[in-house]
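What follows is one structure encoded as structure tokens, with my remarks underneath.
Each reported figure results from applying straightforward, stated rules to the coordinates on display, with no laboratory input. Just so we're clear, the structure is a prediction, and the values are computed from it rather than from any experiment. Glycine gets a Cβ as well: all are built from the backbone with ideal geometry, and neighbour counts include every protein chain shown.
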Ligand code: SF4
Ligand code: SF4
């Protein structure tokens with residue numbers, strides 16, 4: 001359904017944009033007569049959208065100071081230990097259990113028994129996440145030499161295998177003295193060892209040299225984002241987890257069957273590795289990733305291997321700059337966890353530090369120029385309603401093809417920030433996103449997403465897949 005057919009005249013809209021006929025903007029941007037013209041002009045290069053520029057290795061659009069980045073203990077994250085940052089968190093958890101039951105009894109949209117049943121059962125298949133996986137078939141067992149190819153050939157075949165297994169985005173980040181600092185300090189040890197192994201005390205032991213991280217990214221169905229915030233909407237998250245879990249689990253065994261290490265599991269902040277691999281740019285929404293091809297709502301697992309792989313580069317698609325002019329996600333956040341600042345900053349805000357006396361935990365680390373979102377208030381709110389994602393659903397980059405952000409608009413964004421504020425405003429004006437939600441308004445105050453009732457009548461594609469999933473060359 002096209003939302004272009006709104007009460008706003010398309011010609012007036014295009015006039016306001018300066019894209020009808022001649023004008024200063026027409027000198028530097030394509031000229032369209034109306035939005036249908038724009039929607040028809042899909043100028044994306046199928047291999048990688050042509051407007052996406054590659055950057056130097058280890059130099060993404062989010063500015064980094066590698067000297068400040070130190071290995072982080074994932075047990076201190078707000079998701080793992082929110083009691084450090086929200087002293088009321090135990091009560092939030094107790095209340096959440098009561099709300100969950102009440103909403104099931106009340107048949108609240110998106111929070112009914114069937115919504116909970118789907119959310120609870122769609123997740124990771126058994127064995128999808130594991131340490132160094134022993135392979136049933138190795139070249140050694142088969143009596144043949146292990147696979148060998150150039151780093152470029154290897155990069156091609158691994159991407160083919162992982163995409164075949166369900167991954168949307170695949171890239172390669174060498175583990176260097178810089179990127180090793182992104183590996184969690186708990187559960188992982190670097191050692192001078194020819195091959196990786198698991199140890200009860202050291203955790204997963206990673207060889208000191210010659211290793212590459214492979215971010216394996218999958219996509220949340222937009223049909224799930226459309227019904228957030230709700231338990232049903234969160235089932236889309238769990239489905240995405242399953243898809244990336246399946247792909248990385250297959251990848252782990254595939255690498256082992258070729259004769260190489262294939263450590264499967266989250267070894268560090270996934271959006272960071274995916275950004276360094278060129279999967280997208282870091283968004284305003286809590287350090288999440290926005291892909292140039294798939295938009296927001298993507299999730300990443302990581303593999304680590306000693307198979308030589310040609311690295312992939314970080315990208316610039318104008319997305320990070322766009323976030324500076326747009327705060328649509330912040331406007332709808334029911335817990336006000338996303339900052340509205342016009343620019344990212346190097347300085348950590350007070351709220352990342354533990355509130356418990358004597359406890360030095362912090363849920364985020366310095367070394368990046370970021371929009372520092374409050375992961376603690378987000379976690380408390382999300383738990384109180386069995387997960388949220390309203391920000392992601394309302395992001396300009398989270399829509400079907402009829403949205404503002406098809407490839408033509410992406411092209412303009414990648415080349416000039418001139419219209420960023422305008423596109424952000426128009427996305428709202430056309431009513432995309434779940435804009436009935438905002439600070440203080442959501443399920444806890446009796447506002448539910450009624451679309452969740454309709455969801456159960458939609459004819460859904462297998463795995464919730466939509467057009468983006470079948471873009472064979474989108475990377
Ligand atoms: S998930 Fe919900 S609470 Fe968390 S930042 Fe997004 S909108 Fe806010
Ligand atoms: S809604 Fe706007 S500011 Fe927020 S992540 Fe999306 S593009 Fe960035």
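Between rounded, prolate and oblate, where does the stretch 259-377 land on the alpha carbon gyration tensor, with a ≥ b ≥ c its root eigenvalues, rounded for a/c under 1.5, else prolate if a/b exceeds b/c?
Verdict is oblate for the stretch 259-377.
Over the stretch 89-239, what is the mean sequence separation of C-alpha contacts under 8 Å (at least six apart), divided by residue count, expressed as relative contact order in percent?
Result for the stretch 89-239 is 30 percent.
Going by C-beta contacts inside 10 Å, put 147, 294, 351 in order with the fewest on the left.
With the fewest neighbours first, 147, 294, 351 line up as 147, 351, 294.
For the stretch 301-390, what does the relative contact order come out to in percent, with C-alpha contacts under 8 Å and a separation of six or more?
26 percent
Give the order of 120, 331 when sorted by the count of other beta carbons within 10 angstrom, beginning with the fewest.
120, 331
Between residue 190 and residue 160, take the C-beta separation as r, use R0 = 35 Å, and let me know the FRET efficiency to the nearest 0.05.
Efficiency, from the Cβ-Cβ distance: 0.75.
Using 0.36 nm times the number of residues separating residue 79 and residue 198, minus their current alpha carbon distance, what extension gain do you get?
40.3 nm
Exposure proxy check: 105, 239 ranked by fewest other beta carbons within 10 Å?
105, 239
Taking 45 Å as R0, compute the FRET efficiency from the Cβ-Cβ separation of residue 141 and residue 178 and round it to 0.05.
That gives a FRET efficiency of 0.75.
Stretch residue 88-residue 102 to full length: gain in nm at 0.36 nm per residue minus the Cα-Cα span?
2.9 nm
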